[in-house]
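Report on the structure given below.
The values are calculated or read from the model by the stated rules, or taken from the named source; none is laboratory data. Computed from a prediction, not measured in an experiment: that's the story for all the values here. Quick reminder, even Gly has a Cβ in these numbers, built from the backbone with ideal geometry, and neighbours come from all protein chains shown. Protein only, heavy atoms only, side chains kept; ligands, DNA and RNA dropped before computing areas. Shrake-Rupley method; radii C 1.70, N 1.55, O 1.52, S 1.80 Å.
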Amino acid sequence: VDAGKDAGFKVTATAQSAGYFTEPSLESYRAVVFLNTSGDILSDNEQAAFEHYFQLGGGFVGIHAAIATEPDWALMDKLLGTRASGAEPAPATATIKVADRVHDASKSLPERWSHPDAYYNFAANVRGVQHVLATVDEKSYTGGTMTNTPLNDHPVAWCQDVDGGRSFY
């Protein structure tokens, strides 16, 4: 919350979707952030309101465990581009490599840096479907399975414009 406010954004933080995931309420937001959410968190009516908001140009940001949010909702599959696979990851420090050195979200980042996190493995590689911004070097930690895929890399940050809105994970 403080980081958003420090950057000049109006931020509303809540653990309860009721009252926020309605068409009138969502109209006042440029983006909705799912920060470490998981499971089934929205009612059918809230999902419908979010879909309408998104199609009218709304934004979605999924952070970390959000990859496991709303597992049976087709829109979330489209926004994320893939889902987590395997067991929940153990924390590790790994090397991140910026894949797009021009995009606004990644251009100010160093080309490579070490970062502690819990690196999810994914059911599919999003490269070619989503715009990949950064990857993790699986040689720099234990537990990665993405380099065993045909594309041989492990995206950890990506974005896309889709269905009138924009999504970022």
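For the reader, a short list of remarks on this structure follows.
- Between 0 and 90°, nearest 10: helix 44-55 axis offset from the chain longest Cα axis: 70 degrees
- Close amide H contacts of Phe60 (hydrogens built in the peptide plane, cut-off under 5 Å, sequence separation of 5 or more or a different chain): Val32, Arg166, Ser167, Phe168.
- Projected label distance in nm at Asp161 and Ala92, using a 7 Å step from Cα toward the beta-carbon: 3.6 nm
- 20 Å Cα-Cα reach of Lys97 towards aspartates and glutamates, excluding residues that sit fewer than 8 places from it in its own chain: Glu111, Asp117, Asp137, Glu138, Asp153
- For the chain: relative contact order, % (alpha-carbon pairs under 8 angstrom, 6 or more apart): 21 percent
- Per-residue extension of 0.36 nm, minus the Cα-Cα distance of Gln16 and Ala124, leaves a gain of 35.8 nm for this segment.
- Accessible area per residue (1.4 Å probe, heavy atoms of protein chains only) ranks Ser106, Ser28 as Ser28, Ser106, with the largest value leading.
- Mean separation of Cα contacts under 8 Å (6+ apart) over length of region 65-162, as relative contact order %: 27 percent
- The phi-based Karplus calculation (6.51 cos²θ - 1.76 cosθ + 1.60; θ = phi - 60°) puts the 3J(HN,Hα) values of region 87-92 at 6, 4, x, 7, x, 7 Hz, whole numbers, x for Gly and Pro.
- Translational D in µm²/s for region 35-86 (Stokes-Einstein at 10 °C, 1.306 mPa s, Kirkwood Rh from C-alpha pairs): 140 µm²/s
- Exposure check, 1.4 Å probe, all protein chains in place: Asp104 carries approximately 120 Å² of accessible surface.
- In a reduced charge model with +1 at each Lys and Arg Cβ and -1 at each Asp and Glu Cβ, the chain shows a dipole moment near 600 debye about its Cα centre.
- Rounded if a/c under 1.5, otherwise prolate or oblate - region 7-101, Cα gyration tensor axes: prolate
- Amide H contacts under 5 Å for Ala92, placed H, 5+ residues apart: Asp117, Ala118, Tyr119
- Here's the list of lysines a cross-link from Lys10 could span, going by alpha-carbon distance under 25 Å and ignoring same-chain residues fewer than 8 apart: Lys107.
- Potential extension, Glu111-Tyr29 segment - 0.36 nm per residue separation minus Cα distance: 26.3 nm
- Exposed loop sites here mean trypsin sites (Lys or Arg not before Pro) with a DSSP loop assignment and at most 10 other beta-carbon atoms within 10 Å; the chain contains its longest site-free run at 31-169.
- Quarter of Cα convex hull surface for the chain, i.e. mean projection, nm²: 10.0 nm²
- Prolate/oblate/rounded call for region 90-169, Cα gyration tensor, a/c under 1.5 rounded: oblate
- Spacing of the modelled spin labels on Leu56 and Ser85, each 7 Å from Cα toward Cβ, amounts to 3.8 nm.
- The stretch between Asn148 and Asp6 holds 47.1 nm of extra length on full extension. This uses 0.36 nm per residue minus the Cα-Cα distance.
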